[in-house]
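The values are calculated or read from the model by the stated rules, or taken from the named source; none is laboratory data. Predicted model, so just to flag it, every value in this text is computed and none were measured. Neighbour counts are summed over all protein chains in view; Cβ atoms, including those assigned to glycine, are modelled from backbone coordinates with ideal geometry.
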Amino acid sequence: MTPYLFALWIVIIAITPLGAPMSRKKRVVFGTLAFIALLASSLCLIAAGTEPRISPRTYVGPVAVGGLNAEEARLKLRVWWDAVRAHGIELRCPLAQKPLPTVAPEALGFAFDDAATVAALPSRDFWETAEVGLHLKADTEEDQRSSPVLMPSGRDLAEIERALAAAIGEGRPARATWTSQGVVRQPEVSTYRLKREALAESTLKAVLSDFKLEVPLEQAPKHVRDEALASITDQLATFTTHFPVWKISRNNNIRVAAGKLNGTVLMPGEQISFNTTVGRRTIRAGFQDAGIFKNGKHDHGIGGGICQVSSTLYNAALLSDLKIVRRHNHSMPVAYLPVGRDATVDYGQFDLVLENPYPTPVAISSDVDRNSITFRVLGKPDPTMKVKIVTTGHRSWEKGFKYVEDPTVPAGKQKVVDKGSRGHVVWAYRLVTRQGQPERREYLGRSFYGGAPKLIGVRSLKAPPAPPAPRLSDVAVPASSPTIPLAQG
C-alpha cells in the first residue's frame, strides 16, 4: 500500500464513526477520494521507477543526446570520441619550418571524460516531462549545446615539445668572446615553447571544428638576459700554453675542442662540464687519432691532445678564481705545464667541472694560434684582487725499467719500447689577496703521478731480470699536505 493510499484510509477512518451507515453522497465522496489517492500513488510509483532523461534539443559538440538517459548518452558519446581519436588532430604552427605530425588527443595530454560530460547536461524527470506533455508548462527551451569534458590522459608532452623544437629550430645561446677590440657579446636568441595551460582549450576547439590545432606558443624567457650579458666587460684572467706545429692531428683536436668551449657564458652558480660541452671524442665529431698518456705510458687514441685544452682552461680558471668542482691530474707530468698544474679528461671517466662563484656572469673565451692555445675568463673584474698559484712538497722518484718480449728486435740486441716516466707527488694552493692584503689560502689538492718503468724490448725474456723499481714508500714523501704561509710567493 502506498503512503498516499494509507493516508487516505486513515482520514476516512478518522472522520467516519465506527459502524455508522454512510449516505450515498458520502460514498461518492469517499470513492472519489480513494480513486484520486490510488491514481496519485500509482503516478508516484511510475515516477520513482522512471529514469530522468536529458532535456530535448541538447547537443554535446555535434552529437545530439536529447531524450536519452545517462547510459545511452555516454555510449553514443564514446562512439563519437573513438571516431575523433581515429581521425587525429593536425598540428599547425606558423613558425614551423617543416610539417608537424597529426596526433590523437591523448598525445596532447587529454582524454574524454564521458561521465563528467553527461553529468553536466540538463535533464528532466517524470513530473517535468508530464507537465510539458499535458501543456501545464510551456516548452520554451532552445537548442542547448555543451562541450565535452576533457581530463588529463597522463601522457608526457615531451615528444610533442621535441617535435616543435625540431620544426621551429633551436634558439641561440648568449656568447661572449675576446678579440683585439675587447669583449664581443652576442645576445641570446630565445626560442618558443609550448604554452601548456592553453593546450586544453585549443584541443577542444580543434575537436569541435576541423581537427586542426594552432599550437599555442609562448616565447621562452632568456637564460642570460641582455643586461646580465652587458656586465661582462673585461678579462678576469688569461693563460696560454704552447704546442709543436708539426703534430697535425693533435693540433686539429685542440682546435676542435677549444672551439666548442669558446664563448660559453656561465650565470652565477652555474657549472660547466668539459666532457658535456666538448662531447664524445669521435671521428664524426671532427677528432683525429693522436698521442695520449695512458697508465704512465705514451699511447694513441681519438682526441689525443685535448688534455692540453682542459689543462689550459684549468689554469685560466684558477687565476680567475673560479670554483674548481672536479679535476684530475694525468698519470705522468705534461711538458707544457709545471707539475701539479694539469687537468686530464677522459669522456665517461675523468672530467673538469668549473663553477661561477661571482654574482655576475662570466664567459670562457678560447683562441688557438699556430702553436699556442689561450683561454680567457671574461667578466666584471675587481682590480684590487690578485690570484697566485703555488706548489710545494714536490717529490719524484725513478720507476726503473722492465724487459718485454719483442720479436722485431735482433737477437742479442735491445730496443727502448717506451721510455716510461718518473713518479711525482706535489701539493698545490691558490692564494688570493685583495687590496694587497691576504684574503684566502685555498688548498687545491695533491697531484700524484704514478709514472711507469722504462720498457726495453728483447727477442727473448730470458734476458737478465730488471732490478726492482723503487717504491713510493721508499721515497721521502710527506704523509699529509705541507703547510704554506698565506703570503708565500
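Six or more apart or on different chains, Cβ atoms under 6 Å: show the pairs whose first residue is in the range 233-246 and closer than 9 Å to Gly379 by Cα and whose second is small (Gly, Ala, Ser).
From residues that are closer than 9 Å to Gly379 by Cα, the pairs are Leu236/Ser320; Leu236/Gly379.
Name the pairs: first residue in the range 43-63 and in a helix (DSSP H, G or I), second residue modelled with pLDDT under 80, Cβ to Cβ under 6 Å, at least 6 apart or on different chains?
Sorted first by the residue in the range 43-63, then by its partner, the pairs are Ala47/Phe126.
Of everything in the range 244-263, what is surrounded by fewer than 20 Cβ atoms within 10 Å (Cβ to Cβ) and either outside any loop (DSSP other than H, G, I, E, B) or modelled with pLDDT under 95 (or both)? Give them in sequence order.
Just the residues of the range 244-263 that are surrounded by fewer than 20 Cβ atoms within 10 Å (Cβ to Cβ), to begin with: 244-249, 252, 255, 259-262.
Listed by number, the residues that qualify are Pro244, Val245, Trp246, Lys247, Ile248, Ser249, Asn252, Arg255, Gly259, Lys260, Leu261.
Taking the residues in the range 164-185 that are at pLDDT below 95, surrounded by 13 or more Cβ atoms within 10 Å (Cβ to Cβ) and of a type outside the set (Gly, Ala, Ser) as candidates, determine which candidate is nearest to Leu95 (Cα to Cα).
For the range 164-185, the residue satisfying everything is Ile168.
Return yes when Leu194 is more than 30 Å from Phe375 (Cβ to Cβ) and in contact with a strand residue (DSSP E or B) (Cβ under 7 Å, 6 or more places away or on another chain) and no when it is not.
Working: more than 30 Å from Phe375 (Cβ to Cβ): yes; in contact with a strand residue (DSSP E or B) (Cβ under 7 Å, 6 or more places away or on another chain): yes.
So Leu194 fits the description; yes.
Quick one: is Ala290 of a type outside the set (D, E, K, R), buried (at least 18 other Cβ atoms within 10 Å of the Cβ) and at pLDDT below 95? First the steps, then the outcome.
Working: of a type outside the set (D, E, K, R): yes; buried (at least 18 other Cβ atoms within 10 Å of the Cβ): yes; at pLDDT below 95: yes.
Criteria met by Ala290.
Quick one: what pairs do we get from the range 214-231, first residue under 12 Å from Pro187 (Cα atoms) and without any contact (Cβ under 8 Å) to a residue 60 or more places away in the chain, second of a type in the set (Asp, Glu) and surrounded by 14 or more Cβ atoms within 10 Å (Cβ to Cβ), C-beta under 7 Å, 6+ apart or different chains?
What qualifies is Lys222/Glu188; His223/Glu188.
Yes or no, residue by residue, for (1) β-branched (Val, Ile, Thr); (2) surrounded by 14 or more Cβ atoms within 10 Å (Cβ to Cβ); (3) under 30 Å from Ser421 (Cβ atoms):
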{"residue": "Pro187", "(1), (2), (3)": "no, yes, no"}
{"residue": "Leu199", "(1), (2), (3)": "no, yes, no"}
{"residue": "Asp234", "(1), (2), (3)": "no, no, no"}
{"residue": "Thr282", "(1), (2), (3)": "yes, no, yes"}
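Please go through the range 203-243 and pick out each residue that is in contact with a helix residue (DSSP H, G or I) (Cβ under 8 Å, 6 or more places away or on another chain), in a loop (DSSP other than H, G, I, E, B) and over 25 Å from Pro105 (Cα atoms).
Result: Phe243, single match.
If I ask for residues that are under 52 Å from the mean Cα position of the chain (by Cα) and either more than 24 Å from Gly450 (Cβ to Cβ) or surrounded by 12 or more Cβ atoms within 10 Å (Cβ to Cβ) (or both), which ones from the range 407-418 would you list? Walk me through how you get there before you give the answer.
At the first step, the residues of the range 407-418 found to be under 52 Å from the mean Cα position of the chain (by Cα) are 416-418.
Correct list: Val417, Asp418.
Looking only at residues in the range 331-361 that are under 21 Å from Gly279 (Cβ atoms), touching a strand residue (DSSP E or B) at 6+ places or on another chain (Cβ under 6 Å) and of a type outside the set (A, V, I, L, M), which one is surrounded by the most Cβ atoms within 10 Å (Cβ to Cβ)?
Filtering the range 331-361 down to residues under 21 Å from Gly279 (Cβ atoms) leaves 343-355.
After this cut, where a residue has to be touching a strand residue (DSSP E or B) at 6+ places or on another chain (Cβ under 6 Å) as well, the list is 344, 351, 353-355.
Adding the requirement that they be of a type outside the set (A, V, I, L, M) leaves 344, 351, 355.
Values: Thr344: 21, Asp351: 19, Glu355: 18.
So the residue we want is Thr344.
May I ask you to verify whether Ala116 is modelled with pLDDT of 90 or more and either part of a loop (DSSP other than H, G, I, E, B) or assigned by TED's automatic domain parsing to the domain that holds Val149 (or both)? Don't jump to the end; show me each part of the working.
Details: modelled with pLDDT of 90 or more: yes; either part of a loop (DSSP other than H, G, I, E, B) or assigned by TED's automatic domain parsing to the domain that holds Val149 (or both): yes.
Yes: the conditions hold for Ala116.
Scanning for something touching a residue at least 24 places away in the same chain (Cβ under 8 Å), closer than 30 Å to Arg459 by Cα, part of a strand (DSSP E or B) and among the aromatic types (Phe, Trp, Tyr), does the range 365-385 turn up at least one residue? Break it down stepwise before answering.
Pass one, the range 365-385, residues touching a residue at least 24 places away in the same chain (Cβ under 8 Å): 365-368, 370-382, 384-385.
Pick out the ones that are also closer than 30 Å to Arg459 by Cα and you get none.
No, the range 365-385 contains no residue that is touching a residue at least 24 places away in the same chain (Cβ under 8 Å), closer than 30 Å to Arg459 by Cα, part of a strand (DSSP E or B) and among the aromatic types (Phe, Trp, Tyr).
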